[in-house]
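The values are calculated or read from the model by the stated rules, or taken from the named source; none is laboratory data. From a predicted model like this one, the values you see are computed outputs, not experimental measurements. Backbone-built Cβ (ideal geometry, glycine too); neighbour counts: all protein chains shown. Just the protein is used for accessible areas: all its heavy atoms, side chains included, with ligands, DNA and RNA removed. Shrake-Rupley method; radii C 1.70, N 1.55, O 1.52, S 1.80 Å.
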Amino acid sequence: MKKTLIVMVALLCVASLFAAPKKAKKSKKAAASSEIKIGIINNPPSESGYRAANVKDFESVFTADKGYKVSTFYSLKNDEQLNAASQFITDGVDYILLSAAATDGWESVLKKAKRAGIKVFLFDRMLNASEDLYECAVVSDMANQGTTAVNWLKAQNLPEYNVIHIQGAMGSDAQIGRTAALDAEFAKGTMKKVIQQTATWDEAEAKKIVESVINSGEKFNVIYAENDGMAKGAVAALDEAGITHGVNGDVVVMGFDCNKWALRELLAGNWNYDGQCSPFQAAVIENMIKTGNVTSKKVISEEKGFDAKTITKADIDTYGLGD
């Protein structure tokens, strides 16, 4: 009897050794299943000061500490973004957050995401796809940005408008929106298109475009650059050629995005106008994910334009991006 009791106690001890790891394994599995898997597709932060702020915004909101397992992919090429989206679908993410490099070509992959039960949120930019393929778009009104800028330019009542138009990445929502209002003026003949060319958001390419016009000897008095970096490149070309610009200068300089350094150029009178584009969409999307409350297909960021003659230091501190 005594021997039997000893054997039973020994068996119980062995059983308890194996029971503990099983419990720990179950706990680990439960923790993993509670993670929210997010796939973020965006342009690279090196694209511009705006994009760097946009990327940082999403990195600061969707963190591991808050229960998110985040995978990111950055590219300026639409086909590469499409491949990344397909891979996120294969990986079984719960949500895809997308700022598309181009507006077209997304219908098929969004349908694939929907069939897989993956919810898609657009941010920063719209794209051409049926509304039932995404949850919500938290975006800027790019067309309104263009209209606001062009209305400001018309209000300057210049004797003539000879415009160097430096475009962003062709086919992107930002380029399409910021181009449309100016194209309308070109079509009406109220403004002259000296040159209209893409620099794909790049400062150095913008400088080359302006240098080519200067070297041609063609007359111009407005530079309309679709982001701050390209405006900076354009101004560098003016400076090297000894052409004055900004308030009381020979050339009106216009940019977009409201980087702090660009707004300081306005305050100093070196530029004339900068259009605001808010990069802060992550918290709005997270709130919809957490609450499941999506009341609209589109949430528009509030934005405005800044004039060198009225901008203040407080404006720069409040609305400027970066340092």
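Hey, can you grab everything whose amide H is under 5 Å from the amide H of Asp257? Only 5+ residues off in sequence or another chain; H modelled, so Pro and N-termini drop out.
Those lying under 5 Å, H to H, from Asp257 are Gly275, Gln276, Cys277.
Could you tell me the calculated FRET efficiency between Ser75 and Ala116, based on Cβ-Cβ distance and R0 = 22 angstrom, to the nearest 0.05?
Working: r = 22 Å, r/R0 = 0.99.
Efficiency for this residue pair is about 0.50.
Under the rule a/c < 1.5 gives rounded, and otherwise a/b versus b/c splits prolate from oblate, where does the chain land using the Cα gyration tensor? Each step should come with its number before you reach the end.
Details: a/c = 3.22, a/b = 2.69, b/c = 1.20.
Prolate.
Each residue of segment 241-249 in order: what ³J(HN,Hα) in whole Hz does its phi give by Karplus 6.51 cos²θ - 1.76 cosθ + 1.60, θ = phi - 60°, with x for Gly and Pro?
So the Karplus estimates, Gly and Pro as x, are 8, x, 9, 6, 7, x, 4, 6, x Hz.
Whole Å is fine, so just give me how far the alpha carbon centre of segment 59-89 lies from that of segment 111-157.
Here the answer is 19 Å between Cα centres.
Accessible area of segment 158-208 with a 1.4 Å probe: how many percent of it is carbon plus sulfur? Walk me through the numbers before you get to the answer.
Values: 1140 of 2160 Å².
With neighbouring chains kept in place, the figure for segment 158-208 is 53 percent.
Quick one: work out the % antiparallel among DSSP beta bridges in the chain, nearest 5.
On the way: 3 of 44 bridges.
So the antiparallel bridges amount to about 5 percent of the total.
Apply the Kirkwood formula to segment 47-176: the hydrodynamic radius equals the inverse of the mean of 1/r over all pairs of different alpha-carbon atoms; give it in Å with one decimal. Walk me through the numbers on the way to the answer.
Details: mean 1/r = 0.0602 Å⁻¹.
That comes to 16.6 Å for segment 47-176.
Please list Lys77, Lys290 from largest to smallest accessible area, probe radius 1.4 Å, with all protein chains kept in place.
On the way: Lys77 115, Lys290 140 Å².
Highest to lowest solvent-accessible surface, that is Lys290, Lys77.
List the pair-distance distribution P(r) of segment 199-244, using every Cα-Cα distance, as the percent of pairs falling in each 5 Å bin from 0 up to the bin containing the longest distance, rounded to whole percents.
For segment 199-244, the pair-distance distribution reads 5, 25, 37, 23, 9, 0.
So what is the relative contact order of the chain, in percent, for Cα pairs below 8 Å that sit 6 or more residues apart?
Values: 596 pairs, mean separation 51.1, N = 323.
Answer for the chain is 16 percent.
Restricting to DSSP loop positions (anything but H, G, I, E, B) with no more than 10 other Cβ atoms inside 10 Å of their own Cβ, which trypsin sites (Lys or Arg not before Pro) remain in segment 189-281?
Details: sites: Lys192, Lys193, Lys207, Lys208, Lys219, Lys232, Lys260, Arg264; in loops: Lys219.
Counting only loop positions with at most 10 other Cβ atoms within 10 Å, the trypsin sites (Lys or Arg not before Pro) in segment 189-281 are Lys219.
In square nanometres, what is one fourth of the surface area of the convex hull spanned by the alpha carbons of segment 124-222?
So the Cα hull casts an average projection of 7.4 nm².
In segment 249-309, how many lysine pairs have Cα atoms under 28 Å apart, counting only pairs 8 or more places apart or on different chains? Intermediate values should be presented prior to the final figure.
Values: Lys260/Lys298; Lys260/Lys304; Lys260/Lys309; Lys290/Lys298.
For segment 249-309, the number of qualifying lysine pairs is 4.
Using a 1.4 Å probe over the heavy atoms of the protein chains, calculate the carbon and sulfur portion of the accessible area of segment 59-137 as a whole percent. Walk me through the numbers before you get to the answer.
On the way: 1650 of 3680 Å².
Using a 1.4 Å probe with all protein chains present, segment 59-137 comes out at 45 percent carbon and sulfur.
Accessible area per residue for segment 168-323 in Å², computed with a 1.4 Å probe and the full protein assembly in place, what is it?
Values: 6890 Å² over 156 residues.
Per residue, segment 168-323 has 44 Å² of solvent-accessible surface.
Specify whether the C-alpha gyration tensor of segment 178-221 places it in the rounded, prolate or oblate class, a ≥ b ≥ c being the square roots of the eigenvalues: rounded for a/c under 1.5, otherwise prolate if a/b is larger than b/c and oblate if not.
Taking the square roots of the gyration eigenvalues as a ≥ b ≥ c, segment 178-221 is oblate.
Give me a comma-separated list of calculated 3J(HN,Hα) values for segment 297-311, in order, Karplus coefficients 6.51, -1.76, 1.60 applied at θ = phi - 60°, integers in Hz, x for any Gly or Pro.
7, 9, 10, 9, 6, 7, 9, 8, x, 10, 10, 4, 7, 10, 5
Using Cα pairs under 8 angstrom and six or more residues apart, how large is the relative contact order of segment 136-281, in percent? List each step's numbers first, then the result.
Working: 262 pairs, mean separation 32.8, N = 146.
Rounded, it is 22 percent for segment 136-281.
In angstroms, what radius of gyration and Dmax does segment 48-119 have, counting Cα atoms only?
Over segment 48-119's Cα set, Rg and Dmax evaluate to 12.8, 36 Å.
Say R0 is 35 Å: what FRET efficiency, to the nearest 0.05, do Lys66 and Ala155 get from their beta-carbon distance? Before the final figure, lay out the partial values.
Numbers: r = 46 Å, r/R0 = 1.30.
Once rounded, the FRET efficiency stands at 0.15.
May I ask for the percentage of alpha-carbon pairs in segment 245-323 that lie more than 14 Å from each other? Each step should come with its number before you reach the end.
Working: 1958 of 3081 pairs.
Result: 64 percent of Cα pairs exceed 14 Å.
Past the 19 Å Cα-Cα mark, which pairs from Lys56/Lys208; Lys207/Lys232; Lys56/Lys114? Don't skip to the answer; put the middle values down first.
Details: Lys56/Lys208 30 Å; Lys207/Lys232 8 Å; Lys56/Lys114 28 Å.
Too far apart for the 19 Å limit: Lys56/Lys208; Lys56/Lys114.
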